[in-house]
Structure formats: structure tokens, C-alpha cells
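The values are calculated or read from the model by the stated rules, or taken from the named source; none is laboratory data. Note that the structure is a prediction, hence the values are computed from the model and not measured. Note that we place each Cβ from the backbone using ideal geometry, even for glycine, and neighbour counts take in every protein chain shown.
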Amino acid sequence: MSVTMDTLVSLSKRRGFIFQSSEIYGGTGSCWDYGPLGVELKNNIKRLWWRDFVQSRADMVGIDASILMHPTVWKASGHLDHFTDPMVDCRECKLRFRADQVDERPWTHYCPATKGNKFTIPAGEPCSHCGGRRTLCPDCGKGELTAPRQFNLMFKTFMGPVEEDASITYLRPETAQAMFVNFDNVLQSMRLKLPFGIAQAGRAFRNEITPGNFIFRTREFEQMEIEYFVNPHETVDGRPADEYWHDRWIEDCLAWFRRYGLRKENLQLREHRKDELSHYSKRTVDIDYRFPIGWSELMGIANRTDFDLKQHAQFSGKSLTYFDEERKEHVVPYVIEPSAGVDRALLAFLADGYVEEEVRGEKRVVLRLHVELAPLKVAVLPLLKKREEIVRTAQAIRAELARQWRVVYDDTAAIGRLYRRQDEVGTPYCVTVDVQTVGDSGKGESGDGKVTIRDRDSMEQIRVPIPDLAAVFGELLSGGEWTTAAARYPTAKTS
Ligand code: GAP
């Protein structure tokens, strides 16, 4: 069963992943706030991406550039002239639509064949009574639409106290340009050799005309981008270096999403047609994911050629070249750009991880997130919250494990319900402290000093001595198999 967007929106709000921005004021269109669990998940996505694509590779470095850049950056990059959508306005209700999408939505029609009755007609279809097609505003059904006008998607603002043309600047619509304008700084300071890449994760802003579908398309979002510079005069395996590296990055990005749990059948590659390529691109391939709204872009991997470095060299008057020692010549590198949206990745991981199953006649909702993505790694639960020693032991375990991982203590419900709550937010392991752990001093019984670890996916339980916990979780939370760890300890009765 595939999950609906409504289910994800509801789970996200109820369990502290994502809230509507400024909700108490009625919300801000298409803006979302990440809550306590959402921020952990989002940080984990960015951390793993950085670890796997920057930290662990000898050919990669990172930067963190400012969001506001010199306005000429956007002239040189082509965003001022090309980053536009054609728009039409309704003369009556003043709503604005993307001209190329106006027929992709249901339309309101006052049908002359039925004495002007109002109908909502499916996208692209004619009225079944009069046969008429949409000519007026699809929303109010009354107003004429203006001729298409180009609308720039960049957010405009002013630098400094005076709101005049000379102080206009823009919120960056992509993080990429900072890598191009810092190309020479990075090259010189880090003494790099081609091929090498510069990575950055950060906010981007687009005044999208049709945002929506939860966090899929928003006006403020985060990107994780890499600009990978290659020598266009070189060949690898008999192929031009840019084409070889383009295919390598497509494979590596696909493998990355698979590694962290996205199912193969929910991922596919989509080659851009020549007529849809961006103004800078020689070839672009998207990784599409089967979101609850259907197959849509998760990330894009473009071959931007030498377009950006040449443009910035021309507009800044600074040389942005690389000296090829072997050929004794200056070259302008080609760029391969893997560009992923953090929010879309998060939505895909939520959708792919969401499972509803029946366990002993009851519905269980479980978020099967990869352990490294899970917002909470371990929940420590006391079996009886009225037994002081149980509570004290559970809290001490939480404090000890929290030195290394995000660990919570929860005693607000009975144990069965506490397990279900943790399943629903994807916590891979629960630790339960019970009477057997601490004994009963009143009766002169000492405890065995062991606790129960429960595995989210199999729901199996093992009994582990408290001093072993850090080592066991060290193994499990860095990719170790549950079956391997569990084989070393006695099983415990499932609850
Ligand atoms: N530098 C290239 C670039 O920005 P893009 O295809 O426009 O390319 C890259 O954006 C990725 O950024 C997309 O694949 C998507 O994951 C994310 N993205 C773009 N616009 C977005 C929006 N309005 N809301 C959420 N994510 C967005």
C-alpha cells in the first residue's frame, strides 16, 4: 500500500516532524517549519550527504556561502533573464496562473446549455453539456485571462537602508553560483587538481507560482549541491571526461538514495529532452521518485559545461581558469552538477519508510527509516514509572547513551503504547527497564542488572547487561545487523 500525502502531513504534525509555518496566524502559503523530530531527520540527511560525498572523498571540498550575493552574479548566471515562468492573470478575481499549466487543473464553468449552472470540469476536458472548452479563469470561471507575461522567480530585496534600484539584490535561487564565483579562491587556497568538486548545503528561495504538495515545492527550501569540475580535454575510459563523470555521478547519487532505504521500484532516471534543457545544460538527467503525488523529480544531475565559469569571468573581468600542467595551457573546466533538494529527500524517506501492518490483530504504523536517518536512535522506557529505582536506572541509561546518540526517556503511557509511539517515528531501538533489572530491595531481592532491547523492525527482544549497552548500540547504530548482535544474548519475551 502506498501512503497518501494527507497521511504524511497528519503524521508530521502529530509527531513533531513538520508544522505549517505561522499556523496560529492562519499559516504562510507553502512555508513549513521543521519540528523537534523533523530537524533531527533533516540534519541527519545533510550530515550523511556531507559525510559520503565530501568528507570521505579526496576529490571534494565544501563551502558555506552567504545567501545574499552581488547582484551581477544573477545577471552573469542568466537568472535575471532566463529564470522566469510565463504568467497569466485573471482580470476579475486577480488570481495568477502559470500559462503553461492553466489547462492542467480542473476548471469552473457556468454552462450556457444548462441555464448557467456552475460545474467543475476535469483538467483538459470539455463541458459534457455544451462541449465548450475553458477560455476564462479556471478558478472563478468569470474573468478573462491576460496575455502571458514573463515573471522572474527570484525574490528581490534591498541591501542597506535605502530602497532604490542601486541597492536591489536577490535571495539566491540556487546554492550553485557561490561555487562558481569562489572557484579561484578554493582552487588557490586548497591547491586542487582536476577533477575536483565543491559542495554546499544551504537555503534557496524561489517565488514559485504554483507551490504546494506539502514540502515538495515551497518558496524557501534547502539544496545539497555539488559542482564537480573536470578537464574537458581529458578522456576517461576512452570517453570525454565530462560525459564519463556525468554518468558516474548519476550512478553514485542513485546508489546513495538506495543505500539509505529508498526502494528500487520507487526510483527511476529521466533524461531531459533537448527542448527542456536549461540554458546552461548539455545534458540533464533527473532522479525521479514515486512520491504520493506520482513520479516527480527528486534531484537533477546536469552537465553545465563551461557556461558558468565563462560567464563569471566575462562579467567580473577575472580569469577563472585552471592551468593544465601536462598540456601547458589554461583551460576552463566543465562542470557536472548533482543537485538535490533536502526537503524532497526528506519527503521521499518519509513516504518510503511508512508502513501500516497488522500485529496480533492490531494496526501498527512503523516508519522503517534507516538507522542513520532515524531522528531518535533509542528510547529508554521504564516498565513501572512508580518504582523509583526503575525510573532512576532508566534515566541514568538515557544520560549515558545520550553522550553519543539522540536518546529519549518516556514514561507517559503503558509499555505497549510507548513501543507503538516509537515505531511511528522510526526509533530503531527501545530499552526497557523492569523489576528484574533492579530487583526489590523491600523483599531483599537484587536485580540482574539487565535490560530488554527491542528491535523496531522484527519486534524481537533480547536481554542485555547494562554495561554492554554502549557497545551493542555502537555496533547496531553504525550499520551492524540486529541478528548478529542478538545472537550473543538471550531472547526476552515480546510484549
Ligand atoms: N542548481 C541547479 C538547480 O537548482 P533545480 O532542478 O532547479 O536545479 C535542484 O533544483 C533540486 O532542488 C530539485 O531537484 C529539487 O529537489 C530541489 N528544488 C527545486 N525547487 C524546489 C522547490 N521550489 N521546493 C523544494 N525543492 C526544490
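Worth pointing out:
- Selected residue (criterion: farthest from I336 (Cα to Cα)) from residues of the stretch 274-318 that are of a type in the set (F, W, Y) and assigned to a strand (DSSP E or B): F291
- Selection status of F196, closer than 30 Å to E326 by Cβ, of a type in the set (F, W, Y), in contact with a strand residue (DSSP E or B) (Cβ under 8 Å, 6 or more places away or on another chain) and surrounded by 12 or more Cβ atoms within 10 Å (Cβ to Cβ): yes
- Within the stretch 218-247, the set of residues being under 16 Å from G300 (Cα atoms) and of a type outside the set (D, E) comprises F221, Q223, M224, I226, Y228, W245, H246.
- Conditions (1) within 15 Å of L376 (Cβ to Cβ); (2) modelled with pLDDT under 95: number failed by E445: (1)
- Any hit, the stretch 421-438, residues being surrounded by fewer than 16 Cβ atoms within 10 Å (Cβ to Cβ), farther than 18 Å from L369 by Cβ and touching a residue at least 12 places away in the same chain (Cβ under 8 Å): yes
- Answer residue from the stretch 307-324, given it is touching a residue at least 40 places away in the same chain (Cβ under 8 Å) and more than 16 Å from the ligand (Cβ to nearest atom) and is farthest from V73 (Cα to Cα) among those: D324
- The stretch 211-249: number of residues that are over 24 Å from M179 (Cβ atoms), in a strand (DSSP E or B) and of a type in the set (F, W, Y): 0
- Matching residues, the stretch 37-57, being under 30 Å from R421 (Cβ atoms) and of a type in the set (D, E): E40
- Scope the stretch 21-56; condition more than 22 Å from the chain's Cα centre (by Cα) and not in a helix (DSSP H, G or I); matching residues: G26
- Residue in the stretch 66-75 that is farthest from N185 (Cα to Cα), counting only those that are buried (at least 16 other Cβ atoms within 10 Å of the Cβ) and in contact with a helix residue (DSSP H, G or I) (Cβ under 6 Å, 6 or more places away or on another chain): W74
- Among the residues listed as A302, A374, A379, the single one being crowded, with 21+ Cβ neighbours inside 10 Å, of a type in the set (G, A, S) and in contact with a Pro (Cβ under 8 Å, 6 or more places away or on another chain): A374
- The residue list E326, E372 contains one member that is at pLDDT below 95, among the charged types (D, E, K, R) and assigned to a loop (DSSP other than H, G, I, E, B), which is E326.
- R290 meets the conditions (1) surrounded by fewer than 18 Cβ atoms within 10 Å (Cβ to Cβ); (2) farther than 22 Å from Y244 by Cα in every case but one. The failed one is (1).
- When we screen E297, E251, E225, E220 for residues that are within 15 Å of the ligand (Cβ to nearest atom), under 25 Å from F196 (Cα atoms), modelled with pLDDT of 95 or more and under 22 Å from the mean Cα position of the chain (by Cα), the only hit is E225.
- Of the residues making up the stretch 139-162, one or more are within 16 Å of the ligand (Cβ to nearest atom) and either outside any loop (DSSP other than H, G, I, E, B) or basic (K, R) (or both).
- Candidate set: the stretch 1-27, residues that are of a type in the set (A, V, I, L, M) and modelled with pLDDT of 95 or more; chosen: the one surrounded by the most Cβ atoms within 10 Å (Cβ to Cβ): I18
- Exactly one residue among V355, V359, V380, V335 is under 19 Å from E460 (Cα atoms) and either within 16 Å of the ligand (Cβ to nearest atom) or in contact with a helix residue (DSSP H, G or I) (Cβ under 7 Å, 6 or more places away or on another chain) (or both), and that residue is V380.
- Restricting the stretch 90-123 to residues that are within 32 Å of the chain's Cα centre (by Cα) and among the small types (G, A, S), the residue that is farthest from E208 (Cα to Cα) is A123.
- Every residue from the stretch 42-86 that is of a type in the set (S, T, Y) and modelled with pLDDT of 95 or more: S56, S66, T72, S77
- Residue count, the stretch 61-93 (criterion: under 30 Å from K46 (Cα atoms), of a type outside the set (A, V, I, L, M) and part of a loop (DSSP other than H, G, I, E, B)): 6
- Of all the listed residues (R203, R258), the sole one being surrounded by fewer than 15 Cβ atoms within 10 Å (Cβ to Cβ) and free of Cβ contacts under 8 Å to residues at least 60 places away in the same chain is R258.
- Any hit, the stretch 195-202, residues being within 30 Å of Q150 (Cβ to Cβ) and within 27 Å of the chain's Cα centre (by Cα): yes
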